[in-house]
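This report concerns only the one structure given below.
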Amino acid sequence: MSEALPACIADFDGCITCGDHAVELRVVSVDEARGLAVCADQFGASIEVDVLLVAPVDPGDRLLVHAGTAIAREPAERRGPASDRGAGPPAEVTP
Amino acid sequence: MKFVDEFRDAELGGALAREILSTVEPGRHYKIMEVCGGHTHSIYKYGVDDLLPANVELVHGPGCPVCVIPMGRVDDGIAIAHEPGVIFTCFGDMLRVPGADGTLMDAKAQGADVRMVYSPLDALRIARENPGREVVFFAIGFETTAPSTALTLKRAKAEGIANFTCMCNHVTIVPPLRALLDSPDLRLDGFIGPGHVATIVGARPFQFIPADYGRPVVISGFEPVDLLQSVQMILRQLRESRCEVENQYSRVVPHEGNVRALEVMAEVFALRPHFEWRGLGFISQSALRVSDAYADFDAEVRYSVPGVRVADPKACQCGEVLKGVIKPWECKVFGSACTPEHAIGTCMVSPEGACAAYYNYGRFAREREVV
């Protein structure tokens, strides 16, 4: 996106940066030494995310990311074996 | 983690709407405040308020950080942006927030190097790539965003990036809630608590609301089923004469919050003695500044900040909207002189703002109602 274009347009899905809004992303690769991870959204777009607040993370983990920083991670009891985390629906949650 | 899917289930939503209908007492009017701008956005986007009985009213609180920033702080930021050699970075919302004499977008048009970033890390990257320039990050947001800024300042210090500073406008959620509860012109029955702020601070900071003011709080997620369930939980507390903090968003919010985030915030920030909030005035200990240990990265130390104080435009009633005293459409300039394209008030600038959320999603339903 051009830096001149305001992020907040009428059909934008909330403000992911400064509002109290966060997005779910999946970890693709981890740079443990720097506390960073490349994460992707459901459409495949990827960004670099600071994961120091939720470390350690592994590829396949799902994170709640706000302003480029992961603030929550999928609870361990809801995570399957590492081999199951790359694809498929997550565990059932009853609202 | 399922943050989204089943929480948009129409059948579940319908069942909750019926439960809400059976929980309310006929003849009683309920006013419930959603504190967070993200909740306001979801309520209008998904038409959650259309599923509630007429006697359950949702009041939109001060939880949009862009909406509560006073015009003077924008002018201070613009003054720094015009400093020679400065690259001024901020989130997209801030570009269009009006100060007394234009916006950061206007400053960019006048020649200032103002750049939009998606995270503080992006701003730090710009500083690494431009060692001959000074990069300032305009930090804004509640406790959800503050850890991101704090971690970035720690990185800057660790890497010795001397050309990076932060103009800190981070605010805290509890003091304005207390100010609202002390306001004599406000009557509320309960609060929908901010889910992602609570992810950081936990549930404990909200205990004062039931303890000191006798109002229930339900910390809520952001999907329509989350919000309906939270309303139902508040109504159930009222019906059972209970008053406590409940956590509807337990799939994300741990009771103790994110301890690492709180530690890094305590290291990098310090409380300001007071801070001005748009529509609410000065509130004690309601905002953060860069701590003395990180003073080298504090833009307000490095630059001479004018400290401008500006009265809000008289036509704009953002203050009353933020306090929940009036609805967005009751403002004199809503949808006429003030629109997202030409915002007078900050509540119309950010999609988290009650006016913009209502303008984008709610006004058509209301037009149908009026007809």
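Data overview
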{"item": "Chain B: Lys pairs at Cα distance under 29 angstrom, eight or more positions apart or on different chains", "result": "16"}
{"item": "Helix-only CD estimate at 222 nm, as mean residue ellipticity for chain B, using -39500 (n - 2.57) per DSSP H run (n ≥ 4)", "result": "-10500 deg cm²/dmol"}
{"item": "The stretch B:298-365, relative contact order [Cα under 8 Å, separation at least 6], %", "result": "22 percent"}
{"item": "Per principal axis, descending, Cα span of the protein assembly as shown in whole Å", "result": "67, 60, 41"}
{"item": "Distance histogram in 5 Å bins (all Cα pairs of the stretch B:1-107, percent per bin)", "result": "2, 10, 15, 15, 13, 10, 8, 9, 8, 6, 3, 1, 0"}
{"item": "Proxy reagent accessibility, fewest Cβ within 10 Å first, across B:PHE7, B:PHE275", "result": "B:PHE7, B:PHE275"}
{"item": "Rounded tilt (10° steps) of B:224-239 against the dominant C-alpha axis of chain B", "result": "60 degrees"}
{"item": "Loop trypsin sites (Lys or Arg not before Pro), the stretch B:22-83 (other Cβ atoms within 10 Å of the site Cβ: 13 or fewer; DSSP)", "result": "B:ARG28"}
{"item": "5 angstrom amide H check on B:GLN285, placed H, neighbours 5+ away", "result": "B:HIS274, B:PHE275"}
{"item": "For peptides B:283-292, B:93-102, sequence by mean Cβ density within 10 Å, most packed first", "result": "B:93-102, B:283-292"}
{"item": "³J(HN,Hα) computed for each position of the stretch B:187-201 - Karplus, 6.51 cos²θ - 1.76 cosθ + 1.60, integer Hz, glycine/proline x", "result": "10, 10, 9, x, 10, 8, x, x, x, 7, 4, 5, 4, 8, 8"}
{"item": "Rg ratio (alpha-carbon, reference 2.2 N^0.38 Å) - the stretch B:240-334", "result": "1.54"}
{"item": "Cα-only radius of gyration and Dmax that characterise the stretch B:199-252, units Å", "result": "11.0, 30"}
{"item": "Sum of side-chain charges, B:VAL201 neighbourhood, beta-carbon under 11 Å (Lys, Arg +1; Asp, Glu -1)", "result": "-1"}
{"item": "Distant-in-sequence amide H partners of B:ARG278 (H built 1.01 Å from N, under 5 Å)", "result": "B:ILE69"}
{"item": "Value of relative contact order over chain B, rounded to a whole percent, pairs C-alpha under 8 Å and six or more apart", "result": "23 percent"}
{"item": "Rounded to whole Hz, the Karplus (6.51, -1.76, 1.60) HN-Hα couplings of the stretch B:250-264, x for glycine and proline", "result": "5, 5, 10, 8, x, 4, 8, x, 9, 4, 4, 5, 5, 5, 5"}
{"item": "Mean separation of Cα contacts under 8 Å (6+ apart) over length of the stretch B:1-111, as relative contact order %", "result": "20 percent"}
{"item": "Estimated Rh, chain B: Kirkwood, alpha-carbon pairs, angstrom", "result": "21.3 Å"}
{"item": "Ranked B:VAL231, B:VAL325, criterion: other C-beta atoms within 10 Å, fewest first", "result": "B:VAL325, B:VAL231"}
{"item": "B:MET116, B:MET105, B:MET33 arranged by Cβ crowding within 10 Å, fewest neighbours leading", "result": "B:MET105, B:MET116, B:MET33"}
{"item": "Loop-resident sites, the stretch B:197-267, for trypsin sites (Lys or Arg not before Pro), counting at most 16 other Cβ within 10 Å (DSSP)", "result": "B:ARG242"}
{"item": "Ratio Rg/Rh [Cα only; Rh per Kirkwood] for the stretch B:113-188", "result": "1.17"}
{"item": "Environment charge of B:ILE192, counting only residues whose C-beta is closer than 10 Å and scoring Lys/Arg +1, Asp/Glu -1", "result": "-2"}
{"item": "Summed residue charge, Cβ within 13 Å of B:PRO98's Cβ, Lys/Arg positive, Asp/Glu negative", "result": "-3"}
{"item": "Calculated FRET value between B:VAL310 and B:ARG18, using beta carbons and R₀ = 45 Å, to 0.05", "result": "0.40"}
{"item": "Per-q log10 I(q)/I(0), the stretch B:156-198, q = 0.16, 0.26, 0.34 Å⁻¹ (Debye; single scatterer per alpha-carbon; no solvent)", "result": "-0.64, -1.01, -1.20"}
{"item": "For the stretch B:146-259, alpha-carbon Rg over 2.2 N^0.38 Å", "result": "1.30"}
{"item": "Unit charges on C-beta of K, R, D, E only; dipole of the protein assembly as shown, Debye", "result": "540 debye"}
{"item": "Under the Karplus curve 6.51 cos²θ - 1.76 cosθ + 1.60, θ = phi - 60°, whole-Hz ³J(HN,Hα) for the stretch A:57-62, x wherever Gly or Pro sits", "result": "10, 10, x, x, 4, 10"}
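Read-outs: derived from the displayed coordinates by stated rules, not from any lab. Keep in mind that what you see is a predicted model, and the values were worked out from it rather than measured. Using ideal geometry, Cβ is built from the backbone for each residue, glycine included, and neighbour counts are taken over all protein chains shown.
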